[in-house]
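Here the structure comes first, spelled out in structure tokens, and everything after it is commentary.
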Amino acid sequence: MLALMIERLSETGFVVRTFARAGLIKPVSPVRLVKTASILRRWGTSIAGGYATAAARQPDGIALIDEAGSMTYAELDRRANALARGLRDAGIRHGDGIAVLARNHRYFVEITIAADRIGADLIFLNTMFASPQVNDVCEREEPIAVVYDSEFSEVVRAASKGRQAFVAWPGEGDCDGVPTLDQLRSGKSTEPLEPPPSPGRIIILTSGTTGTPKGAQREQPSSLVPAASLLDSIPLKAGEITQIAPPLFHSWGMAHFSIALMLGSTIVLQRGFDPLSSLKTAARHGATALVVVPVMLQRMADLPADALAGVDLSRLQIIAASGSALPGELAVRAMDRFGDSLYNLYGSTEVAWATVAGPVHLRAAPGTAGVPLHGTTVKLFDDQDRPVVAQGEHGRIFVGNGLEFDGYTGGETKEQITGLMATGDVGHFDASGRLFIDGRDDEMIVSGGENVFPREVEDLIADHPGVTEAAVIGVSDQEWGQRLRAFVVCGPVGGPDEGELQELVRDQLARYKVPREVLFIDELPRNATGKVVRRELSTD
């Protein structure tokens with residue numbers, strides 16, 4: 001009992017210290033303090049409660065900026081209240097599911113808040129899904145309603161049959177008689193609602209790079225420790241401006257949506273990504289933090305110098321990257337270009353986060369995934385589930401942090417050992433305790449009896465000055481079982497040939513890691529969150 005009390009006091013102290021550094025603890029008027037405390041008691045730390053609290057604390061603060069303009073916390077709170085009543089009047093109740101297929105804009109935020117205010121569950125669909133994938137997910141998750149941007153009307157046509165349908169972003173065209181969210185909320189009271197019996201769940205789909213995406217469900221955090229842990233590793237500040245470039249339906253985008261809400265920061269959203277447009281938008285709005293996935297960062301770093309002439313990024317203090325592997329070469333090049341403001345987070349949809357590499361780590365050991373966050377345990381295990389303790393030895397990565405998901409909606413879960421959950425990746429630690437990701441457990445290539453993880457070969461090839469990016473896969477081989485095939489994207493001027501890249505690998509790595517073939521292509525196939533879809537690479 002005493003040990004538990006000491007642990008709780010320690011965690012409380014950690015949260016208070018971290019929040020103070022982030023600027024979250026500051027004097028407020030007694031009236032607002034009482035009001036916000038009352039809201040927190042009723043709603044807790046849910047998204048619905050977060051926006052209600054923010055509206056009481058800073059009603060005139062700018063909550064978001066998108067292509068339709070800006071919106072204060074008070075405006076967003078009122079609109080979400082009216083929308084929640086519209087959903088309820090349409091027959092959507094606590095525990096019902098709502099599928100959302102929408103880009104980054106105010107309506108995505110509004111439906112997220114409104115659904116939570118009635119305790120409905122949200123299933124976030126990937127905007128790159130084709131109609132069959134949308135159908136498969138909706139058949140499995142059984143949402144009662146589908147909310148979508150008008151541009152996806154054909155994609156959801158089959159899935160919306162027999163379900164209620166509402167248009168989020170109406171665009172320029174006809175909505176085919178489907179009511180919009182604005183029509184659904186029209187005439188409804190904007191007064192606060194009573195909290196539901198329990199907050200709604202958010203179901204985020206796995207990336208689906210190797211098959212049909214699974215729904216990963218988790219409850220909303222009931223503690224402030226996870227948020228404090230992230231702020232301890234990535235020094236975001238309260239009341240600033242965060243531009244979120246990755247999709248909000250992705251766990252990385254949703255994490256920063258939640259953190260910005262807690263910080264009372266403005267979020268800047270764009271419906272599509274363009275590297276130059278995103279940087280100009282960051283400059284125009286004075287963004288202090290820019291959230292990206294590595295492929296976005298790569299495209300920004302590839303911009304010619306004259307394209308950014310006059311683009312003032314002096315306020316930009318943090319570039320936060322996650323979602324896929326960050327090559328060491330790209331990390332260094334991005335910091336050389338935009339300053340030592342890069343933070344790379346390693347995690348997964350299932351375990352949330354595991355490690356963070358800040359500028360110091362990335363300068364000292366480019367390519368590292370960093371060190372575990374506060375309160376997070378990261379361990380390696382071999383194929384016999386034995387701990388891997390030797391420096392540099394490969395092992396399967398397992399994580400424990402209290403944020404692990406509740407299982408897939410189909411009933412499956414991830415492997416666990418001693419209470420730690422598998423990420424599906426293989427990695428190793430260096431002498432300084434920094435984690436390095438060697439590749440996916442299921443991407444290991446066995447060539448001539450030797451184990452090869454593609455990541456180190458890919459990073460080495462990508463380090464060549466004439467190469468933009470690379471992917472390595474295993475293909476069937478009668479003699480060796482599998483042989484390595486590299487797919488390489490070259491820069492605009494003077495790329496290497498096959499022999500040069502093979503010699504580069506031969507000089508730096510074991511001979512069995514040399515790709516037998518090097519194919520040059522225009523671009524690697526990627527999903528909406530920037531991960532390479534290896535099944536779309538030719539294995540003929």
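Tabulated results
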read-out: Environment charge of residue 391, counting only residues whose C-beta is closer than 12 Å and scoring Lys/Arg +1, Asp/Glu -1; value: -1
read-out: Dipole in debye (nearest 20) - the stretch 424-481, about Cα centre, beta carbon charges: Lys, Arg +1; Asp, Glu -1; value: 120 debye
read-out: Cα-derived Rg over Rh, computed across the stretch 444-536 with Rh taken as Kirkwood radius; value: 0.96
read-out: Global size of the stretch 45-198 as Cα Rg and Dmax, reported in angstrom; value: 15.0, 44
read-out: DSSP bridge orientation in the chain - percent antiparallel, rounded to nearest 5; value: 60 percent
read-out: Charge dipole of the chain about the Cα centre (unit charges at C-beta), most positive-ward option of 264, 481, 351; value: 264
read-out: Translational diffusion of the stretch 409-481, µm² s⁻¹ [Kirkwood Rh, Cα pairs; Stokes-Einstein; 4 °C; 1.567 mPa s]; value: 87 µm²/s
read-out: Of (i) 23.5, 72; (ii) 23.7, 77; (iii) 29.3, 97, the label for Rg and Dmax of the Cα atoms in Å derived from the coordinates; value: (ii)
read-out: Inter-label distance for residue 314 and residue 393, nm, one decimal - labels placed 7 Å from Cα along Cα-to-Cβ; value: 5.3 nm
read-out: Dipole moment magnitude, nearest 20 debye, the chain about Cα centre, only Lys, Arg, Asp, Glu C-beta charged; value: 2340 debye
read-out: Ranked by how many other beta carbons lie within 10 Å on average, peptides 489-500, 456-467 from highest; value: 456-467, 489-500
read-out: On Cα atoms only, tilt of 73-89 relative to the major axis of the chain in degrees; value: 80 degrees
read-out: Selection from 290, 186, 367, by position along the positive dipole direction of the chain (Cβ); value: 186
read-out: The chain, relative contact order [Cα under 8 Å, separation at least 6], %; value: 11 percent
read-out: Amide hydrogen neighbours beyond the local backbone of residue 180, cut-off 5 Å, H modeled; value: 167
read-out: J(HN,Hα) series, the stretch 290-305, from Karplus relation 6.51 cos²θ - 1.76 cosθ + 1.60, nearest Hz, glycine and proline x; value: 10, 9, 9, 9, x, 5, 5, 4, 4, 5, 5, 5, 7, 5, x, 4
read-out: Listed peptides 376-389, 264-277 by packing density, highest first (mean Cβ within 10 Å); value: 264-277, 376-389
read-out: Gain upon complete extension [residue 431, residue 161; 0.36 nm per residue less C-alpha separation]; value: 91.5 nm
read-out: Protection-proxy order for peptides 75-88, 345-358, each taking the mean of Cβ atoms within 10 Å per residue, highest first; value: 345-358, 75-88
read-out: Debye, to nearest 20: dipole size of the stretch 238-385, +1 on Lys, Arg Cβ, -1 on Asp, Glu Cβ; value: 480 debye
read-out: Globularity ratio of the stretch 316-466, using Cα Rg and 2.2 N^0.38 Å; value: 1.06
read-out: For the chain: lysine pairs under 29 Å (alpha-carbon distance), excluding those fewer than 8 apart on one chain; value: 17
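Where a number appears in this text, it was derived from the coordinates with a stated rule and is not lab data. Since the model is a prediction, treat every value here as computed from it, not as a measurement. Glycine gets a Cβ as well: all are built from the backbone with ideal geometry, and neighbour counts include every protein chain shown.
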